[in-house]
Amino acid sequence: MDISLQNVEYRYQVNTPFERLAIKDVSIDIPSGTFLAIIGHTGSGKSTVLQHLNALLKPTEGNVVIGDRMITSEKKQKNLKEIRQRVGIVFQFPEHQLFEETVEKDICFGPMNFGVTEEAAKKRARAAIGQVGLPEEILSKSPFDLSGGQMRRVAIAGVLAMEPDVIVLDEPTAGLDPRGRKEIMDMFFSLHETRGLSTVLVTHSMEDASRYADQIVIMHNGEVYEKGTPKEIFSSPEGLLKLGLDVPEVVRFQLKMEKSLNIRFSKTCLTMEELTEEIAAAMKRGAPK
Amino acid sequence: MNEPLVELKNVSFKYDAEAGYALHKVSFTIFKGEWLAIVGHNGSGKSTLAKLLNGLHFPLEGCITVGGIQLSEDTVWETRKKIGMVFQNPDNQFVGTTVRDDVAFGLENHGIERDDMVQRVTHSLEKVKMAQFLNQEPHHLSGGQKQRVAIAGVIALRPDIIILDESTSMLDPRGREEVLETVRELKQDYNMTVISITHDLEEAAKADRIVVMNKGQLYREGTPEEIFQMDEELVNLGLDIPFPVKLSKMLREKGLPLSRHYLSEEELVEELWTSHSKM
């Protein structure tokens, strides 16, 4: 399912003294099957953009096209249920939203809310718990007896059980240890590939953005500051650095080394393998005469 | 730096008599004025350790002494004066309606005189560079700013030890750097002891010493240099290796003659520069 934001503006609390412009003139295309990363500082408008992707917010200007639906400021929207089912959002710290007595009930809650029968929902719960890498026995446990990492996975399974076409992730690995982070991201990437999902990842991790995304959008002060492939974005990192954002470690090291040795590598490296190749080659060439 | 400040001897702890040990026979010493990083995977016992140090729980077996006082229910109010804690979630540790009130809260609890209190509040907020936010309401602040106010609340009480319990894990990179920079300065100015419980290996690499926890037990302790020699072993423990160490290793495998593991990018670039200009 394609999603497209066209010149979207959003103001919070319009016509009150608290009115505040959160995003303006934001245009982003997310064709079906894209892995898009959105990066930017806290307060740059990332979360506001995210809430437009399944019509939780209605733009105050511009259009949001989600599949065959067009969301504008004008129309009173009806039947948003289908959109909410097809675009699943995993919010930050999703484990805070667990509430049921058992893991199974918690995962079934969403699908049943959308009219799936109990039997079918249970089937989906079993499939989803496997997808997030947890054993089926966990279904009968209370979500509150699980570890933090397990709770996070259960919450994610609840979104997967809706069988969405688009999955939106807001900082999905915050607070996890390095192994947990890698496992969760690898899991999303494999779901993205095998199920042909569109994935939108809001992250502070330039490593993840460069490793997984096809497209990167940088948000700043409520506007799209730059967009492009990881290669394009990180090949001219001046913009990022000016905003005080990080670049991936590999890129940062390359920049330091080029500056200090007064050399240029033949390309911008995005992986450690590329970087070691380039360093080895540069060392072989030796200092410029 | 060799004056012991906190000593753990054979400390074991269970949350529930039926459950397994959350900590099992943990012994180590924390020295005055050092920055100690405690690292480990989720569930390794790091945070339990913090709760025991602050007397939120007591050891089932073994004992903990803080500044020569053995921690128990009778002494906990004494030892808590020596230790300030900053928790993970910036939104869970604000009690005041303004920044000023929040910092004053702890002081009031300790019965500090008003004049002294006013002075300490201003001074601590200046220290964390939040003085211009005195009358702000907490929800207007960023995560990093909230954590800095929490730190101001802690240092206003002038503890000897500050414990950061994953205090930067919910912050963005800028917020994280703000908080760590603040703590570094405070440590210098007050000769404070810092115990940082963290997943962030880059941060741990800058500590004086690292304790690695695994499954409730102390797995290894040493300098960052020693700990990061562990290499793949760290990955197997659910942790990671800092970027410069990983890169040095890969370069050596490529046949580059590097003399050791580098903990900072600067050192590694320096070494590469030296051998580059010799070629």
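The values are calculated or read from the model by the stated rules, or taken from the named source; none is laboratory data. Given the structure is predicted, the values throughout are model-derived calculations rather than measurements. When we count neighbours, we look across all protein chains shown, and the Cβ atoms used for this are built from the backbone with ideal geometry, even at glycine. All accessible areas refer to the heavy atoms of the entire protein, side chains included, with ligands and DNA or RNA removed. Shrake-Rupley method; radii C 1.70, N 1.55, O 1.52, S 1.80 Å.
Of note:
- Criterion: of a type outside the set (Asp, Glu), open to solvent by less than 70 Å² (accessible area, probe 1.4 Å) and under 21 Å from the mean Cα position of the chain (by Cα) - qualifying residue of A:ALA37, A:ALA120: A:ALA37
- Filter result for A:LEU146 (farther than 30 Å from A:ALA120 by Cβ and within 14 Å of another protein chain (Cβ to nearest Cβ)): no
- Failed condition for A:ASN15, given (1) at positive phi; (2) of a type outside the set (D, E, K, R); (3) touching a strand residue (DSSP E or B) at 6+ places or on another chain (Cβ under 9 Å): (3)
- The residue that is surrounded by the fewest Cβ atoms within 10 Å (Cβ to Cβ), among those in segment A:2-22 that are of a type in the set (A, V, I, L, M, F, W, C) and modelled with pLDDT of 95 or more, is A:LEU5.
- Apart from one condition, B:THR182 fits all of (1) surrounded by fewer than 18 Cβ atoms within 10 Å (Cβ to Cβ); (2) part of a helix (DSSP H, G or I); the exception is (1).
- A single entry from B:GLU7, B:GLU18, B:GLU34 fulfils the requirement of being in contact (Cβ under 8 Å) with a residue 24 or more places away in the chain, in the same structural domain as B:LEU218 (by TED's automatic domain parsing) and over 23 Å from B:ASP200 (Cβ atoms): B:GLU7.
- Residues being surrounded by fewer than 22 Cβ atoms within 10 Å (Cβ to Cβ) and either within 14 Å of chain B (Cβ to nearest Cβ) or under 23 Å from A:ILE3 (Cα atoms) (or both) are entirely absent from segment A:134-141.
- Residue list for segment A:233-246, restricted to those being within 11 Å of chain B (Cβ to nearest Cβ) and touching a Ser or Thr at 6+ places or on another chain (Cβ under 9 Å): A:LEU243, A:ASP246
- Residue list for segment A:112-158, filter: in contact (Cβ under 8 Å) with a residue 40 or more places away in the chain, more than 17 Å from A:GLU183 (Cα to Cα) and either in contact with an Asp or Glu (Cβ under 8 Å, 6 or more places away or on another chain) or among the small types (Gly, Ala, Ser) (or both): A:ALA121, A:SER142, A:PRO143, A:GLY158
- Pairing residues of segment A:177-188 that are at the interface with chain B (Cβ under 7 Å from one of its Cβ atoms) with residues that are crowded, with 20+ Cβ neighbours inside 10 Å and assigned to a helix (DSSP H, G or I), at Cβ distances under 7 Å and at least 6 apart in sequence or on separate chains, gives A:GLY180/A:GLY149.
- Check on B:ILE197, touching an Asp or Glu at 6+ places or on another chain (Cβ under 7 Å), modelled with pLDDT of 90 or more and within 14 Å of chain A (Cβ to nearest Cβ): yes
- Applying the criterion of being surrounded by fewer than 14 Cβ atoms within 10 Å (Cβ to Cβ) and at pLDDT 90 or above to the residues of segment B:218-235, the residue that is farthest from B:SER12 (Cα to Cα) is B:GLU226.
- Count of residues meeting criterion [part of a helix (DSSP H, G or I), open to solvent by 40 Å² or more (accessible area, probe 1.4 Å) and in contact with a helix residue (DSSP H, G or I) (Cβ under 7 Å, 6 or more places away or on another chain)] in segment A:250-289: 2
- The residues in segment A:13-52 that are away from chain B (no Cβ under 14 Å) and assigned to a strand (DSSP E or B) can be counted, and the count is 13.
- Scanning segment B:1-58 for residues that are part of a strand (DSSP E or B), hydroxyl-bearing (Ser, Thr, Tyr) and within 15 Å of B:VAL212 (Cα to Cα) yields B:SER27, B:THR29.
- Residue count for segment B:109-157, restricted to those that are crowded, with 20+ Cβ neighbours inside 10 Å and part of a loop (DSSP other than H, G, I, E, B): 3
- Filter pass, B:LEU247 being more than 26 Å from B:SER27 (Cβ to Cβ), at the interface with chain A (Cβ under 8 Å from one of its Cβ atoms) and at pLDDT 90 or above: yes
- Filter result for the condition that a residue is farther than 20 Å from A:ALA213 by Cβ, under 20 Å from the mean Cα position of the chain (by Cα) and open to solvent by less than 20 Å² (accessible area, probe 1.4 Å), over A:VAL26, A:VAL64: A:VAL64
- Filtered residue count, segment A:189-207, keeping only those that are open to solvent by 30 Å² or more (accessible area, probe 1.4 Å) and more than 13 Å from chain B (Cβ to nearest Cβ): 6
- B:ALA204 falls short on exactly one of the conditions (1) open to solvent by less than 60 Å² (accessible area, probe 1.4 Å); (2) at pLDDT 90 or above; (3) more than 27 Å from B:ALA152 (Cβ to Cβ), and that condition is (3).
- Considering residues of segment B:252-279 that are part of a loop (DSSP other than H, G, I, E, B) and more than 8 Å from chain A (Cβ to nearest Cβ) only, the residue surrounded by the most Cβ atoms within 10 Å (Cβ to Cβ): B:TYR262
- The requirement of being in contact (Cβ under 8 Å) with a residue 24 or more places away in the chain and either touching a His at 6+ places or on another chain (Cβ under 9 Å) or more than 17 Å from B:LYS246 (Cβ to Cβ) (or both) is not satisfied by A:ASP208.
- Within segment A:209-226, the residues that satisfy the criterion of being under 15 Å from the mean Cα position of the chain (by Cα) and either more than 13 Å from every other protein chain (Cβ to nearest Cβ) or β-branched (Val, Ile, Thr) (or both) are A:SER210, A:ARG211, A:TYR212, A:ALA213, A:ASP214, A:GLN215, A:ILE216, A:VAL217, A:ILE218.
- Condition met for B:GLU203 (free of Cβ contacts under 8 Å to residues at least 40 places away in the same chain and assigned by TED's automatic domain parsing to the domain that holds B:TRP35): no
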